[in-house]
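Take a look at the structure below.
The values are calculated or read from the model by the stated rules, or taken from the named source; none is laboratory data. The model shown is predicted, which means the values in this text are computed figures rather than measured ones. Cβ placement follows ideal geometry from the backbone for every residue including glycine, while neighbour counts extend to all protein chains displayed.
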Amino acid sequence: MHSTDHAAPTIVDVARAAGVSKSLVSLAIRGDAGVSEATRTRILAVADTLGYRSNVLARGLARGRTQVLGVLVSDLSNPYHSDVVAGIEARAEGAGLGTVIGHGQGDPAVLAARLDQMLDLGVDGVIVVSAMLPAEALDTAAARRPVVMVGRPFEQPRRVSVVRNHDERGAALAVAHLQDLGHHGIVHLASSHRAAASARRLAYGEAMTRAGLPSTTLWVDEGGVETLIAGAVGSAGPTACFAGNDRTAAALLHDALDAGLDVPAAFSIVGYDDAQIARQVRPGLTTVAQPREAIGREAARLLLARIDGDKDTVEVTLEPSLTVRGTTAAPC
């Protein structure tokens with residue numbers, strides 16, 4: 001039963017009720033050494049009875065910290081970003097820290113403004129889950145607080161550690177899977193000019209060249225989906241597509257089925273990300289899985305190290321894997 005006093009119990013109240021010193025209560029609550037298990041158990045039981053709650057924020061402020069990490073994402077509607085954030089939050093919670101999230105709304109100017117706002121709030125550090133901000137802006141922010149970036153920048157920042165997926169390896173996995181099934185007419189469907197998407201596009205072309213096959217890239221904003229489906233309907237058209245992300249692949253699957261294409265018997269599709277939509281569409285989408293939560297946990301680990309005084313900036317690349325579902329098969 002908790003105390004019914006209106007004033008919140010303090011660590012002094014716990015120490016008095018347990019018959020120990022305030023410093024021993026502090027050690028027991030933090031889980032530090034120097035307290036026997038029996039004494040720790042008794043102190044925690046007394047604290048629970050009194051309704052005492054350790055003030056993490058107050059302890060942090062005493063050390064010049066807010067105990068809060070800022071997390072800035074460019075697009076909250078993108079499942080990739082939400083999964084990365086889940087990894088960040090899990091690692092932060094394990095370290096006893098909270099998180100505050102800012103949304104850049106897919107606009108670099110908004111993203112930059114949100115970053116400034118977070119820094120003004122005094123968060124202990126920021127993880128930017130976006131490649132939209134230029135290296136200069138990231139380095140300027142890092143001069144105020146530790147910053148880690150998740151994504152693939154065009155230009156490497158000097159003061160910011162980066163965590164990213166191995167885009168070239170992922171694209172190679174997708175193309176190799178289709179080639180192993182016997183596909184020769186494999187088209188890449190692109191929707192972005194960002195660094196990660198460009199790396200996937202180039203790796204697709206290199207994989208096709210190594211196999212002695214022609215490479216063709218179509219762009220979504222230039223009628224690429226319609227062109228691809230029209231070609232696939234013909235007897236001599238492409239038999240497979242590697243899409244730059246799962247949202248593009250799912251849209252292609254929808255339109256292909258509407259056009260009467262049998263997926264995967266007549267046309268195979270591979271996406272990229274292994275987002276939730278890949279598991280929701282029917283047939284299930286074969287896709288390259290980025291280790292999104294692992295990326296988030298690694299970004300949080302690097303940021304915590306920087307906050308604790310580590311001065312080194314590093315780039316960490318995590319490996320993707322191929323998840324085979326129902327949108328790929330040998331060509332008829």
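Going by what's in this entry, would residue 173 be described as in contact (Cβ under 8 Å) with a residue 40 or more places away in the chain, within 20 Å of residue 285 (Cα to Cα) and assigned to a helix (DSSP H, G or I)? Write out each step before concluding.
Working: in contact (Cβ under 8 Å) with a residue 40 or more places away in the chain: yes; within 20 Å of residue 285 (Cα to Cα): yes; assigned to a helix (DSSP H, G or I): yes.
For residue 173, the condition - in contact (Cβ under 8 Å) with a residue 40 or more places away in the chain, within 20 Å of residue 285 (Cα to Cα) and assigned to a helix (DSSP H, G or I) - is met.
Pairing residues of segment 236-259 that are outside the structural domain of residue 193 (by TED's automatic domain parsing) and at pLDDT 95 or above with residues that are among the hydroxyl-bearing types (Ser, Thr, Tyr) and part of a strand (DSSP E or B), at Cβ distances under 9 Å and at least 6 apart in sequence or on separate chains, gives no pairs at all.
From the residues in segment 286-296 that are crowded, with 22+ Cβ neighbours inside 10 Å and touching a Gly at 6+ places or on another chain (Cβ under 6 Å), which one is farthest from residue 178 (Cα to Cα)? Show your work before the answer.
Keep residues of segment 286-296 that are crowded, with 22+ Cβ neighbours inside 10 Å, which gives 286-288, 290, 292, 295-296.
From what's left, touching a Gly at 6+ places or on another chain (Cβ under 6 Å): 287-288, 296.
Values: 287: 11, 288: 12, 296: 30 Å.
Here the residue is 296.
Restricting attention to segment 11-61 and to residues that are surrounded by 12 or more Cβ atoms within 10 Å (Cβ to Cβ) and touching a Pro at 6+ places or on another chain (Cβ under 9 Å), the residue that is modelled with the highest pLDDT turns out to be 17. The listed residues are 199, 232, and the only one of them that is part of a helix (DSSP H, G or I), modelled with pLDDT under 95 and not assigned by TED's automatic domain parsing to the domain that holds residue 152 turns out to be 232.
Yes/no per residue for (1) at positive phi; (2) buried (at least 16 other Cβ atoms within 10 Å of the Cβ); (3) in the same structural domain as residue 162 (by TED's automatic domain parsing):
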position: 284; (1), (2), (3): no, no, no
position: 306; (1), (2), (3): no, yes, yes
position: 310; (1), (2), (3): no, no, yes
position: 313; (1), (2), (3): no, yes, yes
position: 323; (1), (2), (3): no, yes, no
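Whether a residue is surrounded by fewer than 23 Cβ atoms within 10 Å (Cβ to Cβ), under 26 Å from residue 80 (Cβ atoms) and touching a Leu at 6+ places or on another chain (Cβ under 7 Å) was assessed, and residue 177 passes this test.
Residue count for segment 213-235 under the criterion of being of a type outside the set (A, V, I, L, M), surrounded by fewer than 14 Cβ atoms within 10 Å (Cβ to Cβ) and on the phi < 0 side of the Ramachandran plot: the result is 6. For segment 257-276, taking the residues that are in contact with a helix residue (DSSP H, G or I) (Cβ under 7 Å, 6 or more places away or on another chain) and surrounded by fewer than 18 Cβ atoms within 10 Å (Cβ to Cβ), the one that is farthest from residue 322 (Cα to Cα) is identified as 259. Does residue 137 satisfy the condition of being in contact (Cβ under 8 Å) with a residue 24 or more places away in the chain, under 19 Å from residue 245 (Cβ atoms) and in a helix (DSSP H, G or I)? For residue 137, the condition - in contact (Cβ under 8 Å) with a residue 24 or more places away in the chain, under 19 Å from residue 245 (Cβ atoms) and in a helix (DSSP H, G or I) - is not met. Restricting attention to segment 296-326, the residues that are over 26 Å from residue 242 (Cβ atoms) and not acidic (Asp, Glu) add up to 14. Among the residues making up segment 141-170, a single one is out of contact with any Lys or Arg (no Cβ under 9 Å at 6 or more places or on another chain) and part of a helix (DSSP H, G or I): 169.
Please determine, by comparing only the residues of segment 236-270 that are of a type in the set (S, T, N, Q) and closer than 19 Å to residue 196 by Cβ, which one is farthest from the chain's Cα centre (by Cα).
Restricting attention to segment 236-270, the residues satisfying the condition of being of a type in the set (S, T, N, Q) are 239, 245, 248, 268.
Retained after the next criterion (residues that are closer than 19 Å to residue 196 by Cβ): 245, 248.
Working: 245: 14, 248: 19 Å.
Selected residue: 248.
Among residues of segment 178-194 that are touching a residue at least 24 places away in the same chain (Cβ under 8 Å) and within 11 Å of residue 272 (Cβ to Cβ), those with a beta-carbon under 7 Å from a residue that is among the small types (Gly, Ala, Ser) and in a strand (DSSP E or B) at least six positions away or on a different chain give the pairs 189/243. The listed residues are 269, 277, and the only one of them that is out of contact with any His (no Cβ under 6 Å at 6 or more places or on another chain), part of a strand (DSSP E or B) and either outside the structural domain of residue 198 (by TED's automatic domain parsing) or in contact (Cβ under 8 Å) with a residue 12 or more places away in the chain (or both) turns out to be 269. Applying the set (1) surrounded by fewer than 22 Cβ atoms within 10 Å (Cβ to Cβ); (2) at pLDDT 95 or above to residue 194 leaves exactly one unmet item: (2). Are any of the residues in segment 82-100 among the basic types (Lys, Arg) and either within 26 Å of residue 13 (Cβ to Cβ) or at pLDDT below 80 (or both)? No; the residues of segment 82-100 include none that is among the basic types (Lys, Arg) and either within 26 Å of residue 13 (Cβ to Cβ) or at pLDDT below 80 (or both).
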